[in-house]
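Before any comments, here is the structure.
The values are calculated or read from the model by the stated rules, or taken from the named source; none is laboratory data. Quantities reported herein were computed from a predicted structural model and do not represent experimental measurements. Reconstructed Cβ throughout: ideal geometry from the backbone, glycine too, with neighbour counts over all protein chains shown. For the accessible areas, the whole protein counts, side chains as well, though only heavy atoms, and no ligand, DNA or RNA atoms are used. Shrake-Rupley method; radii C 1.70, N 1.55, O 1.52, S 1.80 Å.
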Protein chains: 2
Amino acid sequence: MAATALRRLQLHNINPNVKAAKYAVRGELAVKAEEYRVRLAQGDKSLPFDSVIFANIGNPQQLDQKPITFFRQVLSLLENPLLLENPEVLKETFGYKQDVIDRAKTLLNSIHNVGAYSHSQGAPVIRESVAKFIEARDGYSANPQDLYLCAGASSGVNTLLNVICHAPHAGILVPIPQYPLYTATLSLLNANCVPYLLEEEKAWGTDVDAIRKSLETAKASGIDVRAIVVINPGNPTGASLSPDDIKNVLDLAAEEKLVVIADEVYQTNVFVGEFTSFKKRLRQLQAEVPGKYDHIELASLHSVSKGMVGECGHRGGYFELVGFEPDVAAQIYKFVSIMLCPPVIGQCLVELMVNPPKEGEPSYELYEKEYHGIRNGLHQRALALYKAFQRMEGVECQEPQGAMYLFPKITLPPKAVEAATAENRKADEFYCLRLLDATGICVVPGSGFGQKENTLHFRTTFLAPGTDWVERIVKFHSEFIEKYK
Amino acid sequence: MAATALRRLQLHNINPNVKAAKYAVRGELAVKAEEYRVRLAQGDKSLPFDSVIFANIGNPQQLDQKPITFFRQVLSLLENPLLLENPEVLKETFGYKQDVIDRAKTLLNSIHNVGAYSHSQGAPVIRESVAKFIEARDGYSANPQDLYLCAGASSGVNTLLNVICHAPHAGILVPIPQYPLYTATLSLLNANCVPYLLEEEKAWGTDVDAIRKSLETAKASGIDVRAIVVINPGNPTGASLSPDDIKNVLDLAAEEKLVVIADEVYQTNVFVGEFTSFKKRLRQLQAEVPGKYDHIELASLHSVSKGMVGECGHRGGYFELVGFEPDVAAQIYKFVSIMLCPPVIGQCLVELMVNPPKEGEPSYELYEKEYHGIRNGLHQRALALYKAFQRMEGVECQEPQGAMYLFPKITLPPKAVEAATAENRKADEFYCLRLLDATGICVVPGSGFGQKENTLHFRTTFLAPGTDWVERIVKFHSEFIEKYK
């Protein structure tokens, strides 16, 4: 018998939950885009484009976004503390200011060495900084013991869903469209995704009636719905929830006894209005209506990967537990301890994100300049892309409010849909593949995030610099529509 | 009703697999040791010791082990590439040599920015270095496409077990005593741990007959045994497997169609004989007996956390797949892509570990000095501890061969066992708690790793500097034995 047939692991006999999981952000299109990139790098001149634009993934520093100088200076000292002994680093040519030195020393005094495992929940000194940050942001206190540093928010979501879900009856309400981490993790846990549709017409707002309907349907089919995920600002939609929207979700959670998982990793990427955290709104409501909201369990997540920090390669983040039973929290602690600790340098980036240079400190001016430069750049690119979409036939796009994405709706001619079917593909996938082949621009089909039946979308980041690539999309689109008219 | 009773998540209704998981390395004893450390730091003079010794966890840089200069210099440049533009860093006072600069530039040319997500399998340029390292170590080629960088070996084990195990019938052969990551992860997956006892009398060697017996028993009870875990050099035992031992395991794997998971994170911590990798032995056997071993699936793991590198806080590691079906490997890729990528700085440490300065290069001399200094220090401490155990009544310890641990067997007086039972504790747990209370030394009871029935052990690292703490154990032990005689 051939060796291959004798192997123990075959596609049909591995963990079916792994097989069932879907993760489009790094799927077929991303693999093909990487192949194109390699071909271009090797000098291939046969492609109809001269660069690949990875608009499929919120990876700011892969594109134009520069790291914030203060952050990286501190990290370089943490990696090589011998530099701290050298007064020359304070010279103009090195650019290290006294507050950089001080911060590195303070951190090393507590954590000793970034090469050592930390506390499994994260270094205590950093959790204290996060607690102060939350307190300053919300006006309500936070407890370092309720904070769990993690290797990016993805790892935090994984922890929370692992503890919450008991297979096979548990269900979690997930917005559609959603970031596919949620459905993929639920597949791995053999738990049920209970989808609720966001309202595209209302700037992708949250419709509590729609949530309630999904919840009732799920309950009727025997699913034990235990939690609701809210992504605010939204991914892939870019929507930003109002305090009223948040109250509606909390009302529902209080009534139905749902744990609230608030994915707030885009909290600084807000262009319209201002960000309100679920924690703040919860504390307000608890003060306003004593008793009604006291039993709510909220887990909210933040990350160094997004916003003006954009340090996703460092895998840093945290989640805060509010109102969890202590013995449930103890299980969460045990779960994270199995993986020992989050990367310590990533933890230090969390510290820097939540505790940046303050007015009057030597690094403040440069920090502010860099921070607002990134912020304005993102907003401008979002608007440029939005305007381009408005010029395109059969494309409708909500005004950009936040996050790093636009999620335009596309209406394709019936012949294009037929051509897709002939290739055994979904129409949006077909469109995105043709876009990649023609322009080198990689976006993700709406079907990777979920979308209302009989609608088609794609998600694109607005991180890539320049406007040339936007024009490539415009040109491709009009040729595509022409071809299949 | 009180808010607490209204909460959705209660200990009795969360994921039972999480509840069932056990992870003693960071359990009650570790928590208590941390409390003692905090009390001492706050000036508490009421304790009978003046320092806490964390001998419960292989965390070299928390204790005496210094990071290797070359590694950290490169990392500091990766974090702050502006330093690369400054010729002054080459000055004597900074200590950066030209090969440090060159390595940082080479890495940045490929990965661009340590703040960006990399390929989910790890940066291609680093996987190429790992492949060359394996080739040089084993004398057999390795393919970068078969390599998966991961956030420490723990994360790699998690990936492999997730893909291999289908609940509830899958079973994995795990050595006893074992590192509890394995049993904890199997609990999370609702899969079966099929234990096989190591032979304490034969320096914790692997007894294939014992494995076969466990396998047959498991099969007879309906378990689908799919893989065997081998930890070489052993944790917690410190044992190092001979080429013959490895052949016996591979013979069994070939006959019984078992995936082999070779946890080789201690491959450079070998004091007796020399390390032979499972990959090398497999390739040798495949050449010697054509056909017989061709269908074997092997996954072997390595890490930056242990050895002379000791950079566990950076969470870096890799695993290599040998002989896996391509469509199974594709599922492994999808699984790791859900968590996006391993920490990029940790990936860079993998590069540095597998590709350190070479003879003739400017950093070579210092690197060699540091590397061998650490190595000799570990061996000396292991021997000092071993000798101390030989002086202790009722303590038997195998000669240290490798890894970072000793795992002595302790025989306790019946009265001590009764006292433990009265506290509702296992006797080894009772002993370790009393040891901590009396001396501030934190070790892990053998029951946390598994041990032969009616035997008691504890695991201690030999990382802590000095010999004072060893004498504390000797003194405590004799008083303990005296008390319960």
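Within the range B:370-387, is there a residue that is more than 23 Å from the chain's Cα centre (by Cα) and on the phi < 0 side of the Ramachandran plot?
Scanning the range B:370-387 turns up at least one residue that is more than 23 Å from the chain's Cα centre (by Cα) and on the phi < 0 side of the Ramachandran plot.
Determine the pairs where a residue that is within 20 Å of B:M404 (Cα to Cα), located within the range B:356-374, has a partner that is open to solvent by 70 Å² or more (accessible area, probe 1.4 Å) and not in a loop (DSSP other than H, G, I, E, B) with Cβ atoms under 6 Å apart, the partner being 6 or more residues away or on another chain.
Once the first residue is within 20 Å of B:M404 (Cα to Cα) and sits in the range B:356-374, no partner that is open to solvent by 70 Å² or more (accessible area, probe 1.4 Å) and not in a loop (DSSP other than H, G, I, E, B) comes close enough.
Return the residue satisfying two criteria in turn: it lies in the range B:269-290 and is polar (S, T, N, Q) and in contact with a strand residue (DSSP E or B) (Cβ under 9 Å, 6 or more places away or on another chain), and of such residues it is farthest from B:S303 (Cα to Cα).
B:S277
Can B:L349 be described as in the same structural domain as B:N162 (by the TED database) and touching an Asp or Glu at 6+ places or on another chain (Cβ under 8 Å)?
Yes.
Every residue in the range B:152-169 that is at the interface with chain A (Cβ under 8 Å from one of its Cβ atoms) and at pLDDT 95 or above, please.
Once the filter is applied, which keeps residues that are at the interface with chain A (Cβ under 8 Å from one of its Cβ atoms) and at pLDDT 95 or above, the range B:152-169 yields B:G152, B:S154, B:S155, B:N158, B:N162, B:V163, B:I164, B:C165.
Quickly run through the range B:231-283 and pick out the residues that are touching a residue at least 60 places away in the same chain (Cβ under 8 Å) and farther than 29 Å from B:L383 by Cα.
B:L258, B:V259, B:I261, B:K279, B:K280, B:R283 - these are the residues of the range B:231-283 that are touching a residue at least 60 places away in the same chain (Cβ under 8 Å) and farther than 29 Å from B:L383 by Cα.
Filter the range A:8-35 for residues that are at the interface with another protein chain (Cβ under 7 Å from one of its Cβ atoms), of a type in the set (D, E, K, R) and open to solvent by 40 Å² or more (accessible area, probe 1.4 Å) and give the result.
Scanning the range A:8-35 gives A:R8, A:K19.
Can you confirm whether B:V249 is in the same structural domain as B:Y318 (by the TED database) and in contact with a Pro (Cβ under 8 Å, 6 or more places away or on another chain)?
no
With in a helix (DSSP H, G or I) and touching a Phe, Trp or Tyr at 6+ places or on another chain (Cβ under 7 Å) as the only criterion, which of B:L215, B:L250 stands out?
The unique qualifying residue is B:L250.
Is it true that B:L435 is closer than 30 Å to B:V270 by Cβ and either touching a helix residue (DSSP H, G or I) at 6+ places or on another chain (Cβ under 6 Å) or at pLDDT 95 or above (or both)?
Yes, satisfied.
For the range B:154-209, how many residues meet the condition of being assigned to a strand (DSSP E or B), touching a residue at least 60 places away in the same chain (Cβ under 8 Å) and open to solvent by 10 Å² or more (accessible area, probe 1.4 Å)?
3
So B:Q121 ticks every box in (1) assigned to a helix (DSSP H, G or I); (2) at pLDDT 95 or above; (3) more than 8 Å from chain A (Cβ to nearest Cβ) but one. Which box is left unticked?
For B:Q121, the exception is condition (1).
Tell me which residues, restricted to the range A:440-457, are part of a helix (DSSP H, G or I) and open to solvent by 10 Å² or more (accessible area, probe 1.4 Å).
A:S447, A:G448
Within the range A:279-325, restricting attention to residues that are under 18 Å from A:P144 (Cα atoms) and assigned to a helix (DSSP H, G or I), which residue is nearest to the chain's Cα centre (by Cα)?
A:K279
Collect the residues in the range B:421-460 that are out of contact with any strand residue (DSSP E or B) (no Cβ under 7 Å at 6 or more places or on another chain) and basic (K, R), keeping them in residue-number order.
Answer for the range B:421-460, where residues must be out of contact with any strand residue (DSSP E or B) (no Cβ under 7 Å at 6 or more places or on another chain) and basic (K, R): B:R425, B:R434.
Evaluate the following for A:G310: is it within 14 Å of another protein chain (Cβ to nearest Cβ), crowded, with 18+ Cβ neighbours inside 10 Å and on the phi > 0 side of the Ramachandran plot?
So A:G310 passes the test.
I need every pair where a residue in the range A:53-69 that is more than 8 Å from every other protein chain (Cβ to nearest Cβ) has its Cβ under 7 Å from the Cβ of a residue that is basic (K, R), sequence separation at least 6 or different chains.
A:G58/A:K306
When the residues of the range A:87-100 are filtered to those that are open to solvent by less than 60 Å² (accessible area, probe 1.4 Å) and touching a residue at least 60 places away in the same chain (Cβ under 8 Å), which remaining residue is farthest from the other protein chains (Cβ to nearest Cβ)?
Per the stated criteria, the residue is A:D99.
Every residue in the range B:101-136 that is under 30 Å from B:Q284 (Cβ atoms) and crowded, with 16+ Cβ neighbours inside 10 Å, please.
Those that are under 30 Å from B:Q284 (Cβ atoms) and crowded, with 16+ Cβ neighbours inside 10 Å: B:Q121, B:G122, B:P124, B:V125, B:I126, B:R127, B:E128, B:S129, B:V130, B:A131, B:F133, B:I134.
Restrict the check to the range A:281-289 and report whether at least one residue is open to solvent by 10 Å² or more (accessible area, probe 1.4 Å) and at the interface with chain B (Cβ under 9 Å from one of its Cβ atoms).
Checked against the condition, which is being open to solvent by 10 Å² or more (accessible area, probe 1.4 Å) and at the interface with chain B (Cβ under 9 Å from one of its Cβ atoms), the range A:281-289 yields no hits at all.
B:L83 passes all but one of (1) farther than 25 Å from A:L349 by Cα; (2) buried (at least 20 other Cβ atoms within 10 Å of the Cβ); (3) of a type outside the set (S, T, N, Q); which number fails?
Of (1) farther than 25 Å from A:L349 by Cα; (2) buried (at least 20 other Cβ atoms within 10 Å of the Cβ); (3) of a type outside the set (S, T, N, Q), only one is false for B:L83: (1).
Does A:L463 count as surrounded by 21 or more Cβ atoms within 10 Å (Cβ to Cβ), assigned by the TED database to the domain that holds A:R37 and part of a helix (DSSP H, G or I)?
For A:L463, the condition - surrounded by 21 or more Cβ atoms within 10 Å (Cβ to Cβ), assigned by the TED database to the domain that holds A:R37 and part of a helix (DSSP H, G or I) - is not met.
Among the candidates B:L84, B:L75, B:L40, which residue alone is more than 9 Å from every other protein chain (Cβ to nearest Cβ), part of a helix (DSSP H, G or I) and in contact with a helix residue (DSSP H, G or I) (Cβ under 7 Å, 6 or more places away or on another chain)?
Answer to the selection: B:L84.
Filter the range B:137-151 for residues that are in contact (Cβ under 8 Å) with a residue 60 or more places away in the chain, away from chain A (no Cβ under 14 Å) and in a loop (DSSP other than H, G, I, E, B); which is surrounded by the most Cβ atoms within 10 Å (Cβ to Cβ)?
Selected residue: B:A142.
Is the range A:224-238 home to any residue that is crowded, with 19+ Cβ neighbours inside 10 Å and of a type in the set (K, R)?
Checked the range A:224-238: at least one residue is crowded, with 19+ Cβ neighbours inside 10 Å and of a type in the set (K, R).
Quickly run through the range A:396-430 and pick out the residues that are out of contact with any helix residue (DSSP H, G or I) (no Cβ under 8 Å at 6 or more places or on another chain) and surrounded by 23 or more Cβ atoms within 10 Å (Cβ to Cβ).
Answer for the range A:396-430, where residues must be out of contact with any helix residue (DSSP H, G or I) (no Cβ under 8 Å at 6 or more places or on another chain) and surrounded by 23 or more Cβ atoms within 10 Å (Cβ to Cβ): A:G402, A:A403, A:Y405.
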